[in-house]
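Below is one structure, written out as structure tokens, with a few remarks after it.
The values are calculated or read from the model by the stated rules, or taken from the named source; none is laboratory data. Computed from a predicted structure; not experimentally measured. Every residue, glycine as well, gets a Cβ built from its backbone with ideal geometry; the counts of neighbours run over all protein chains shown.
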Amino acid sequence: MVEALDQAGRSPDAALWFYFPEGGWKLLLAETKVGSDGPRKVYRSVQKTLQRLRNRIAHISLEDVAVAKPDAPVIKLLRRAIATGPGINGIRFTHNAVSGTMIEDVYIYRLKATA
């Protein structure tokens, strides 16, 4: 999914599966275009990517995705503990406290150090 977004020109600064205790798992995508283009346009782009990949990732729907600005509190918090380069990684970060905030579970594909 992240690779397909990169190819479509929607290269997120952060791409990770985040476990929200009240809402379950969400694919959280943070990119600067959320601020400049607005979240609706970014969601449309993600939806197009999901439609193109429906044979490979039919189990993910737009309801499983959340978009945010790169300076969103949860992204800034995670950057205090870990950062990746611009590539695609696979880092599990489970049951950790960052600056006094408990992070239940997150699987990080990309979390650029600065956005």
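Could you tell me whether any residue of segment 33-42 is in contact with a helix residue (DSSP H, G or I) (Cβ under 9 Å, 6 or more places away or on another chain), of a type in the set (D, E, K, R) and either part of a loop (DSSP other than H, G, I, E, B) or within 17 Å of LYS112 (Cβ to Cβ) (or both)?
Yes, segment 33-42 contains at least one residue that is in contact with a helix residue (DSSP H, G or I) (Cβ under 9 Å, 6 or more places away or on another chain), of a type in the set (D, E, K, R) and either part of a loop (DSSP other than H, G, I, E, B) or within 17 Å of LYS112 (Cβ to Cβ) (or both).
Somewhere in segment 47-59, is a residue within 12 Å of ARG10 (Cβ to Cβ), modelled with pLDDT of 85 or more, surrounded by 13 or more Cβ atoms within 10 Å (Cβ to Cβ) and under 13 Å from the mean Cα position of the chain (by Cα)?
no
Report whether or not TYR19 is closer than 24 Å to ALA113 by Cβ and either modelled with pLDDT of 90 or more or not aliphatic (A, V, I, L, M) (or both).
Yes: the conditions hold for TYR19.
Could you go through segment 68-75 and let me know if any residue there is modelled with pLDDT under 85, part of a helix (DSSP H, G or I) and within 14 Å of the chain's Cα centre (by Cα).
The answer is no; no qualifying residue exists.
Which of the following residues is out of contact with any Phe, Trp or Tyr (no Cβ under 7 Å at 6 or more places or on another chain), loosely packed, with under 14 Cβ neighbours inside 10 Å, free of Cβ contacts under 8 Å to residues at least 60 places away in the same chain and on the phi > 0 side of the Ramachandran plot: GLY87, GLY100?
GLY100
When the residues of segment 67-81 are narrowed to those that are among the hydrophobic types (A, V, I, L, M, F, W, C) and in contact with a helix residue (DSSP H, G or I) (Cβ under 9 Å, 6 or more places away or on another chain), which ends up surrounded by the fewest Cβ atoms within 10 Å (Cβ to Cβ)?
ALA72
Please find, within segment 98-108, the residue that is farthest from THR32 (Cα to Cα) out of those that are touching a strand residue (DSSP E or B) at 6+ places or on another chain (Cβ under 7 Å) and at pLDDT below 95.
Looking at residues that are touching a strand residue (DSSP E or B) at 6+ places or on another chain (Cβ under 7 Å) and at pLDDT below 95, I get GLU104.
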